[in-house]
């Protein structure tokens, strides 16, 4: 289950984003919140810099242009269209059900009044019975026809609602996907990481792996960011291809990736990490047209079992500490977390070894 501390931290993130929106005079609508969330988690420094450059004079058009550049416009269009349809369909359905309820209430009232008259000996006559039968027959026919029309209309609305649900599912997929690598993004990773501790039953066979491309800054400096982006996408595909399909794989920011392994022991996780590392180490990174070699490209990996932590934040810190040790001790290696690393990690200058 999510702890009070975790909820407080989540609320703190939300509070800081809302504060940033207010400070810049930005409307707190979903697409702006998403944009500032991406900037807050620091997965794209260019995005953060562009938002900061707007200052307090940001217009919605400028914000939408940045969203289009970094997040794509598809998710904005999908969610706003889906929300609009959802509201319309729900209102139509409620209006229809209210009419159906009124119709049934009128019919029930008519049945009660007719029964009262028939049971009254003072007004009892054959004419009353004939009139009552005719009235009930007409009312019953009308009510049944109305009910059939209502059923057909509800079915039509159900089709529309199903389409809305599909559009919302598509929005969720887009919103949780990193556009460059097609892996899950930091938002999806945060949610998945938090869910690990919802149940403590599988913590002994659940691990968080953090992987970071070695010397990636040199790649960008020497060959440019377009080449760097292609290498990021290739590394992502290598990681995805060398782990089980059911494992959660994300790009958590910059050149860092994460894999959440469920159902494996620490030794088995080591084998998974080494398979990924060796696959990347032996892969050729060469421009087929120019013949330029970009490689070798290697990654460092650090991992921790969930049972070694008390909450998602500590699990991430453990895996990050192991990754730090992998970088510090020569890169291109996998390191499993142990408690000794926690002290070294706390006193580290991590930025030195980040590349």
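The values are calculated or read from the model by the stated rules, or taken from the named source; none is laboratory data. Quantities reported herein were computed from a predicted structural model and do not represent experimental measurements. With ideal geometry, Cβ positions are generated from the backbone for all residues, glycine too; neighbour counts draw on all protein chains shown.
Annotation: residue 286 fulfils all but one of (1) at pLDDT below 95; (2) buried (at least 16 other Cβ atoms within 10 Å of the Cβ); (3) under 19 Å from residue 218 (Cα atoms); the unmet one is (2).
Let me spell it out: the conditions are (1) under 25 Å from the mean Cα position of the chain (by Cα); (2) farther than 15 Å from residue 239 by Cα, and residue 289 meets all of them except one. Which number is the exception? Evaluating residue 289 over (1) under 25 Å from the mean Cα position of the chain (by Cα); (2) farther than 15 Å from residue 239 by Cα leaves (1) as the failure.
Scanning for something within 16 Å of residue 335 (Cβ to Cβ) and exposed (fewer than 13 other Cβ atoms within 10 Å of the Cβ), does the stretch 202-218 turn up at least one residue? No, the stretch 202-218 contains no residue that is within 16 Å of residue 335 (Cβ to Cβ) and exposed (fewer than 13 other Cβ atoms within 10 Å of the Cβ).
Results for (1) assigned by TED's automatic domain parsing to the domain that holds residue 217; (2) out of contact with any strand residue (DSSP E or B) (no Cβ under 7 Å at 6 or more places or on another chain); (3) within 23 Å of residue 186 (Cβ to Cβ); (4) at pLDDT 95 or above, shown as yes or no for each residue.
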site: 272; (1), (2), (3), (4): yes, no, yes, yes
site: 275; (1), (2), (3), (4): yes, yes, no, yes
site: 302; (1), (2), (3), (4): yes, no, yes, yes
site: 318; (1), (2), (3), (4): yes, no, yes, no
site: 328; (1), (2), (3), (4): yes, yes, no, no
